[in-house]
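The values are calculated or read from the model by the stated rules, or taken from the named source; none is laboratory data. Only a predicted model underlies this, so the values are computations on that prediction, with no experimental measurement involved. Note: ideal-geometry Cβ built from the backbone for every residue, glycine included; neighbour counts use all protein chains shown.
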Amino acid sequence: MRTSALRRRHLWLTGVVTAGLLATANATPAVASTAASSAAAGAPERVILNPTADPSTSQTVTWRSVGVASDLPASVELRHPDGRVETVRAAVTKEMSVPAGQAVTFAAELTGLTPATTYAYRAVSGDAADEWNSFTTAKDGDQPFTFTWYADGQNDLTEKWTPIVDLTSRAFPNSELTLQSGDLIDLSVENEWEEWFTITDGERQTENWLPAIGNHEYSRDAAADFWDAGFTVPDNGPRVPAGASATERPYLEIITEHLRNQVYFTDYQGVRFIQLNSHTVSQNAIQNEQGVTLPALSTADWRKLFYGVQAQWLDQVLAEETGNWTVVTFHHPAFSVSSGRNNREVRENWVPVITKHDVDLVLAGHDHTYGRGFLNEDRTDEQGVTDGPVFVVSNSGPKYYNLAPVNDNVWTNNGATQLVRHAFTSMTSGIRVTPDSISYEALVVQKGNNPTTGLELGETIDSFTISRGEDGSKRVTEGIERRVATGLGESAADPVEGDIVVEAVVPERDIEPGALTLTIGGEGEVVSLGEADNGGDRWSFGASLPTLSVTDTRYEAAGWSVTGGAGDLTGTGGVLTSGYLGWSPLVLGGATAESGPAVSGLLNGGTGLAGSHRLAAADDHSRFGTTELSADLKLDVPAATAQGSYRGAVHVSLFPVD
């Protein structure tokens, strides 16, 4: 008679096999959770990693769910390397209406992490869970790494930006971070952001994305709501300066509030990355966003505050003792490359701070052209060598503008020199960082009509090296010692050619005909099917067959097949039909044989191991040598089965295939 208490029962399977359990390495384990279904309504989507201020010990995960209420419980399940699963509650960071319904953005900050460690995670919204992904925390201190930089993608994302991202991913397979300097989209609307998140799928969930906001993030979206719904960056941007006047303070309060989640810095393995907002948002737009009304300022006075408060903050964060290098990113370039462009406020407010602190790399977009250069004051006596900030303007999308005249442009008119300039060509860049150098490589990734280069896709269009001596001195030189684009050869289209001499010696054929044998590990021992698990309507048992070794040394044979079946299990409580027993065959190693299909027991909708079933088979190409086989056994018997010990046998047979 069945009782409510769980009874521990042992069933024994006699035969010519020994006990032994198998473990599968490097598999993501199933994790029990109250959330379970990624197919449920409101499932997490647009999952993205953005850095915290210290990515070596913490990580931010952001996602949204559509068609849900803001009070929906949300969390990140974080799996530690020891298998422990931690649940981290998420906060609501944005609510907005989209065509499919109410969209709620959640973000969770994972803290207390160990540097240089890989963690598995998934986002959970109510009863819906995203798939498992993984990330690796930054190493502690100044350590080498590579990051990728995109400028504007903006237009025709699915058709034109997709191949750019694909080529960039192949070119820089070791990239640990991705920067994008604004204009990720053209119009800040639902369908264009859906394109961007679709194209970046697979990368944004596994490495940190460091975006800088551009002017097109405000197109049809005056408050940049989609930006806030998509990203969660460190909250360490500008605050109202302590010395602000009483007149300026209310304006600075609304400006700095708007710049939250836009202007920030993060420190990664010896590099301080700083992102600024170079797009002047109007006073009316910010007041409407925050429901505030203040006396109107002149455009000049408003811009002075908007750029000035960022300049003060930039001065502060650059003055702090950090790592070896600084990289500053914003959308509108200080030194424009295209005809008719001139961002005076950016240049007048930020370049003095950049030069004061000798920033290493300044990255911008917006112009839909490419240019690189330096301030004339940083030219050294050594030919071709400078020692100050490097200013780069790039274009990573299919939209192209004309270059400004070579001898009359923003660079020449403001004490700067352009070394490289291109138009009607799209580029992405990979940057390798070590404690004593930065190696920069820009690739051709797409070309328009009349491009200024004849290079093929994947070829290097610009490269330079920033080196730091033991005395702290800096040198910027042309070229790099080795490609940052380690995933490519000389180009993306053509393989690297070379000749490798190969030789093969066919041995004299052995006159012995060879043999086909089967060896069963621990022959004569008994396999325990383990302790019973109470499934309510059944008792469940499981174990694995020991290793079966098939050795084939025959010449000119067609192959072999191993089959098996089970007899009934008998014991003090009666007879258990072999129909209750099922298996999942396994090929453990050796020759490339093919495992047989899984067989389910009667309680799981199958016929069980009565009769003969294929464990594995090999054809004439995969048979030779030794192949190791096994199978996971599963026994499910009705809950009303009489208590007792039961034994039976699994019979295995090896047959040559003619």
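What the table below lists for this structure:
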read-out: Of residues in segment 605-616 being of a type outside the set (S, T, Y) and at pLDDT below 90, the one surrounded by the most Cβ atoms within 10 Å (Cβ to Cβ); value: A610
read-out: Among (1) within 30 Å of E45 (Cα to Cα); (2) surrounded by 21 or more Cβ atoms within 10 Å (Cβ to Cβ), the one test that P333 misses; value: (1)
read-out: Any strands (runs of 3 or more DSSP E) falling wholly within segment 544-633 and containing at least 3 residues that are among the small types (G, A, S) and within 19 Å of L518 (Cα to Cα); value: 559-566, 613-618
read-out: Test: D201 is assigned to a loop (DSSP other than H, G, I, E, B), assigned by TED's automatic domain parsing to the domain that holds Q262, at pLDDT 95 or above and among the charged types (D, E, K, R); value: yes
read-out: Leading residue by the ranking (surrounded by the fewest Cβ atoms within 10 Å (Cβ to Cβ)) among those in segment 291-330 that are β-branched (V, I, T) and under 18 Å from F273 (Cβ atoms); value: T322
read-out: Every residue from segment 439-453 that is crowded, with 24+ Cβ neighbours inside 10 Å and β-branched (V, I, T); value: V444, V445
read-out: Given (1) at pLDDT 90 or above; (2) more than 24 Å from G521 (Cα to Cα); (3) over 38 Å from the mean Cα position of the chain (by Cα), number of the condition S600 does not satisfy; value: (3)
read-out: Cβ-Cβ under 6 Å pairs, at least 6 apart or on other chains, segment 260-274 side touching a residue at least 24 places away in the same chain (Cβ under 8 Å), far side outside any strand (DSSP E or B) and basic (K, R); value: Q269/K139
read-out: Residues of segment 555-579 satisfying the condition of being closer than 30 Å to F624 by Cα and either modelled with pLDDT of 85 or more or surrounded by 18 or more Cβ atoms within 10 Å (Cβ to Cβ) (or both); value: A557, G559, W560, S561, V562, T563, G564, G565, A566
